[in-house]
Amino acid sequence: MNTLFEKTTGKDEWLTPPKIIKELGPFDLDPCSPVTRPWPTAKRHLTIHDDGLRTPWEGRVWCNPPYGKDVGKWLLKCSMHGNVIALVFARTETHAFQDYVWHHAKALRFIKGRLQFYRTDGTCIGNNAGAPSVLVAFDHWNAMTLINCNIPGHVVLNRP
């Protein structure tokens, strides 16, 4: 049985609220950037046309992966690269979370409340996300960023 990270809604482009990027950045690469984006999330952006899963990553990476069946592949690549902060739903019971977050992350910031994501035209989707979100740091430097940032929530230090 393959447990998905989250139920798919048919829409994979849920843009990170700009205040999150501002608080955590700057980043060198966003491998999951939409083709059309209302604000930059990193110095370099890879879109669906570049295939961020197959393209080599360099520098400090911001990863808000498509929230669908392939999220585990993205989290695996995050864990292999290391210098990453990822934003995913806090679905701790899933195979993806169990295999790639708990076993590889250095720190997690469980965000208070639910985020409001944005569309590619820059407008807020409204309401809130269908699940709570967590920021995942895959190295010690990014773990310190999660500890010291002003994003409301609770940090869990992980010792994989």
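The values are calculated or read from the model by the stated rules, or taken from the named source; none is laboratory data. Predicted, not measured: the structure shown is a model, and the values here were computed from it. As a convention, Cβ positions derive from the backbone with ideal geometry for all residues, glycine included, and neighbour counts pool all protein chains shown. The accessibility values were calculated without ligands, DNA or RNA, using every heavy atom of the protein model including side chains. Shrake-Rupley method; radii C 1.70, N 1.55, O 1.52, S 1.80 Å.
Filter region 57-92 down to the residues that are free of Cβ contacts under 8 Å to residues at least 12 places away in the same chain and over 20 Å from Asn142 (Cα atoms) and list them by number.
Scanning region 57-92 gives a single hit, Thr92.
When both residues are 6+ apart or on different chains and their Cβ atoms are under 6 Å apart, which pairs have a first residue that lies in region 99-114 and is touching a residue at least 24 places away in the same chain (Cβ under 8 Å), and a second that is open to solvent by 70 Å² or more (accessible area, probe 1.4 Å) and assigned to a strand (DSSP E or B)?
These pairs meet every condition: Ala107/Leu157; Phe110/His154.
Here's the yes/no breakdown for (1) within 14 Å of the chain's Cα centre (by Cα); (2) acidic (Asp, Glu); (3) at pLDDT below 95:
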position	(1), (2), (3)
Thr16	yes, no, yes
Lys43	no, no, no
Leu46	no, no, no
Trp57	no, no, no
Lys69	no, no, yes
Leu76	yes, no, no
Gly82	yes, no, no
